[in-house]
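Every number here is computed from the coordinates shown, using simple stated rules; none is lab data. Quick caveat, the model's predicted, so the values are computed rather than measured. Ideal geometry is used to build each Cβ from the backbone, glycine not excepted, and the neighbour counts take in all protein chains shown.
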Amino acid sequence: MSATAPVLRVEGLDVRLTRDGETVHAVRGVDLSVAPGEVLGLVGGSGSGKSILGLSVMGLLPASARPVVSGSVDLAGTDMIGAPDAVRRAARRQHVGAVFQDPMTSLDPTMTIGRQLGEVTRDRAHALSLLEDVGIPRAADRLKAYPHQLSGGLRQRVMIALAVARRPSLILADEPTTALDVTVQAQILDLLLTLREEIGCAVVFVTHDLGVAAQVCDRIAVMQHGRVVESAGVDEVFEHPTHPYTQNLLRSRIDLRTPRDRPLAAMPVTSGAGAPSASAPPPAAPGTSTAVTADDDVAVGADGVLDLAPGAPTPGLPEIWPPVALREHAAVTVRDVHRVFRSGPPWRRRELPALRGVDLEVRAGESVALVGESGCGKSTLLRVVAGLESTTSGQVVVAAGARPQMVFQDAGSSLTPWLRVGTMLDERLRSHVTGMSREQRTERVLDALRTVGLPPETARARGDQLSGGQRQRVALARAVIVPPTVLLCDEPTSALDVSLAATVLNLIGRLRRELGMSVLFVTHDLAAARIVADRIAVMREGRIVEVGATDDVCERPRHEYTRTLLGAIPGPQHRRDRVATPTGALA
């Protein structure tokens, strides 16, 4: 391969997968190329085909999905479609470093970090040098650690160390920063760019975060329904988008300049990488009732995911949010709360302080956001308020009659996988409301689904038949089907693409006003906190270091740590000045 030849060239790539007897057209006629030293961003909503394209490039499409592939993928001179498995494995070892979203699913939990690096480097000194190069403190100690003993940011750095160990021609990074807080995210992005400059590799960066793409990419390819619908230099895409889907993605993105007094722009969505399924049943007519039984089947789209008819994802939103009348009494009061976790045998007890004297009050009807880095105590405080964790000392007072209800970050793991959505919502009604007939409960279930913008047939689906955005809306429906006084949200939008995140934030805003709820919203995204909250409390190392009105905290931060968080928000303002790289052909 010559120095000027593309590291990666994809021509006419077409991928069909079979799941549950149905075929999905996941990638449709994609052409692209990536030059040495270039960073190409693959951007699009959930189910657009980004990750399937990445797996195709590496020759790692799951055999269980019975892939049918046509077109060509040339990786540093190797045919990754037609070459024998042994040849493709050799090309992956020599030319590709992969960094995935969740390092815990990629690192072996039974092996130390040193042993896993040793399988690639065969040299302890080289392994130690790699950990130091990716900025891991006390690198020698980390060689002896297991993955579960490291934070999310450190685990992701280990994945990057593994990815660059053989100085690959191409790094494929699939959503590597999605679940990280803004400061760790900024460090990881800077690290990837530094490594790109040092070893001269190309990077394919898969992301749904347009701010991240603007910060690190030279070019952007926008994917929708398995196709590349727009591709150009990063500045051109952000300043002069030509495709309506790209324009809608950019409109859905939120930042510190997004107006707070009106609902966010959000696209109508359908699930899946392919086109909407013709087999999906139409929504029931208004006012009709759909019986929910465990024996009912629900039609699913070609990708095994429930296909819903397009429509406004959050119906009935006003042009301008009406003001919220806050009441004088507190819905939640936290007084000098400490929470210490203890581990190990009594003779070698270790203590980890998670909360250190936290004081916070949430008034009835108020929305308060807790922001801070991973491990600062945000989620622990939320779980203490929910009664899922006890306090070591201090007091949590929930107003008489208040019903806290939790919405978790990973809605998929919080939904019982073998139960229909209607059954899960019905169980909550039966547990908390007496005197309702089955027909009344069914109607309440359907009303709750309509409230969060889902059609009645969702009641007959299981959680694994729903997209990520649909599962998060089901979690909200379950939380509000018995209207809570306090809604507790733990990172409900961090793993969603920009339009789905906007949809969920709009839902929370509308439900809060309709039901008169208080909201305690945990997030590492200050832009999301600014949209959803009346006040922001900034946490660091188990303490609240700053609390104030949302606009004051975002525009006039008093604490240095708050200024650090604001400065780390990804976007084009952090782009490096760098030498222009050759531009590959991209259709």
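Overview of results
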quantity	calculated
Percent antiparallel among DSSP beta bridges (both partners in the stretch 8-253, rounded to 5)	55 percent
Net charge contributed by nearby residues that have their C-beta within less than 10 Å of D336 (K/R +1, D/E -1)	+1
Integer Hz, Karplus 6.51/-1.76/1.60 couplings in order for the stretch 212-229, x for Gly and Pro	5, 4, 5, 6, 10, 9, 7, 10, 10, 10, 9, 10, 8, 6, x, 10, 7, 9
Inter-label distance for R430 and D190, nm, one decimal - labels placed 7 Å from Cα along Cα-to-Cβ	5.5 nm
Whole-Hz ³J(HN,Hα) from phi, Karplus 6.51 cos²θ - 1.76 cosθ + 1.60, for the stretch 543-558, glycine and proline x	10, 8, 9, 7, 8, x, 4, 3, 5, 5, 5, 6, 9, 9, x, 9
Percent of beta bridges antiparallel (DSSP, the stretch 354-572, rounded to nearest 5)	30 percent
FRET efficiency, L419 to A63 (Cβ-Cβ, R0 41 Å, nearest 0.05)	0.85
Fraction of the pair-distance distribution of the chain above 41 Å, Cα-Cα pairs, percent	26 percent
Length added when fully stretched, T18-D336, from 0.36 nm per residue minus Cα-Cα	109.0 nm
Net lengthening on full extension, T392/H559 (0.36 nm per residue, minus Cα-Cα)	57.4 nm
For E175, net neighbour charge (Lys/Arg +1, Asp/Glu -1) across residues whose Cβ lies under 12 Å away	-3
Calculated FRET efficiency for the pair R349/H243, C-beta based, R₀ 60 Å, to 0.05	0.55
Under Karplus coefficients 6.51, -1.76 and 1.60, residue-wise ³J(HN,Hα) of the stretch 121-130 in Hz, glycine/proline x	8, 6, 8, 5, 4, 5, 4, 4, 5, 4
DSSP-defined beta bridges in the chain - what % are antiparallel, rounded to 5	55 percent
Sequence-separation-based contact order of the chain, relative, with Cα cut under 8 Å and 6+ spacing, percent	18 percent
Computed over the stretch 63-204: relative contact order in percent, which uses C-alpha pairs under 8 Å that are six or more apart	28 percent
For A331, distant residues with modelled amide H under 5 Å away	V362, R363, A364
Over the stretch 8-253 - Rg/Rh using Cα atoms and the Kirkwood inverse-distance radius	0.97
Alpha carbon centroid spacing (whole Å) that separates the stretch 514-567 from the stretch 163-216	27 Å
Helix-only CD estimate at 222 nm, as mean residue ellipticity for the chain, using -39500 (n - 2.57) per DSSP H run (n ≥ 4)	-9500 deg cm²/dmol
Total formal charge among the other residues, if their Cβ is under 9 angstrom from that of I320, Lys/Arg +1 and Asp/Glu -1	-1
For the stretch 8-253: relative contact order, % (alpha-carbon pairs under 8 angstrom, 6 or more apart)	27 percent
